[in-house]
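Every read-out reported here was derived from the displayed coordinates using simple, explicitly stated rules and does not represent laboratory data. As the structure is a prediction and not an experimental result, all values here were calculated from the model. Counting neighbours? That spans all protein chains shown, and the Cβs are built from the backbone with ideal geometry, glycine included.
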Amino acid sequence: MYIDYHDNEWGVPVFNDKLLFEFLILEGQQAGLSWITILKKRENYRIALDAFDPVKISGYNGEKVNQLLVNPDIIRNRLKIESIVKNAELFLKIQQEFGSFSNYFWNIVDHKPIVNGWKSSKEIPSKTKLSETISKELKQRGFSFIGSTIVYAFMQAVGMVNDHTTDCFRYQEIIDSY
């Protein structure tokens, strides 16, 4: 599962708002856990969260939150679940303000991925000045579970940053894809 994710998704530029929202939510859910834990629960989240539809999620009420809190197929952390609803509302506000979340997010890097040249995975940072800046901006807008490490993982996942090592077969393939 993890190899498939690496080989087919991680680092591929994503411009689709619904998929960006999915990754934003999943990265927040991952806080304090391993990514493989979230990958294993990804389909369960799709089912539990109406296929990551931010419009539907923004309308979740206390009863729906309580249903999610007893769902054994997802992470049952009240703060994380409540952040999903709040972040969905804020995501929709950004869509309205910028025409799409993709426009907002990708404008930060002039709509082109940052290509790093790491030789070893030990060189790859867990956060950067840019992820700190984005995290602060999103927190000012009211987002939660959006610290600079989560933002950097999100940037990596959606291809805003190409952090495959230079010896990885995906490094050049991803560069050639845009």
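Using the structure shown, decide if ILE75 is under 24 Å from MET160 (Cβ atoms), β-branched (Val, Ile, Thr) and touching a residue at least 24 places away in the same chain (Cβ under 8 Å).
On the way: under 24 Å from MET160 (Cβ atoms): no; β-branched (Val, Ile, Thr): yes; touching a residue at least 24 places away in the same chain (Cβ under 8 Å): yes.
Against the criterion (under 24 Å from MET160 (Cβ atoms), β-branched (Val, Ile, Thr) and touching a residue at least 24 places away in the same chain (Cβ under 8 Å)), ILE75 does not qualify.
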Check your understanding: Of the residues in the stretch 92-131, how many are closer than 23 Å to PHE52 by Cβ, over 18 Å from the mean Cα position of the chain (by Cα) and not in a helix (DSSP H, G or I)?
Key -> 1
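Can you confirm whether GLY32 is touching a strand residue (DSSP E or B) at 6+ places or on another chain (Cβ under 6 Å) and under 29 Å from ASP163 (Cα atoms)?
Spelling it out, it is not the case that GLY32 is touching a strand residue (DSSP E or B) at 6+ places or on another chain (Cβ under 6 Å) and under 29 Å from ASP163 (Cα atoms).
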Point to revise | Lone qualifier among VAL85, VAL12 - being surrounded by 15 or more Cβ atoms within 10 Å (Cβ to Cβ) and within 30 Å of ILE175 (Cβ to Cβ) | key: VAL12
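Among what's in the stretch 152-178 and is free of Cβ contacts under 8 Å to residues at least 60 places away in the same chain and assigned to a helix (DSSP H, G or I), pick the residue that is surrounded by the fewest Cβ atoms within 10 Å (Cβ to Cβ).
So the first thing to find is which residues in the stretch 152-178 are free of Cβ contacts under 8 Å to residues at least 60 places away in the same chain, and the list is 152, 155, 165-169, 171-173, 176.
If we keep only those that are assigned to a helix (DSSP H, G or I) too, we end up with 152, 155, 169, 171-173, 176.
Numbers: TYR152: 24, MET155: 25, PHE169: 9, TYR171: 19, GLN172: 12, GLU173: 13, ASP176: 7.
By that ranking, first place goes to ASP176.
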Practice item. Determine whether ILE38 is in a helix (DSSP H, G or I) and more than 21 Å from ALA88 (Cα to Cα). Key: no
Exercise for review: Looking only at the stretch 122-154, count how many residues are of a type outside the set (Gly, Ala, Ser) and closer than 15 Å to ALA31 by Cα.
Suggested key: 9
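Of the residues that make up the stretch 17-31, is at least one polar (S, T, N, Q) and in a helix (DSSP H, G or I)? Show your work before the answer.
We begin by selecting, within the stretch 17-31, every residue polar (S, T, N, Q); these are 29-30.
So of that shortlist, the ones also in a helix (DSSP H, G or I) come out as 29-30.
Yes, that holds for at least one residue.
Quick check on the stretch 42-62: of everything there that is aliphatic (A, V, I, L, M) and not in a loop (DSSP other than H, G, I, E, B), which residue is surrounded by the most Cβ atoms within 10 Å (Cβ to Cβ)? Please lay out each step first, then the result.
Of the stretch 42-62, the ones aliphatic (A, V, I, L, M) are 47-49, 51, 55, 57.
When the remaining residues are screened for being not in a loop (DSSP other than H, G, I, E, B), the result is 47-48, 51, 55, 57.
Details: ILE47: 11, ALA48: 18, ALA51: 12, VAL55: 12, ILE57: 22.
In this case the residue turns out to be ILE57.
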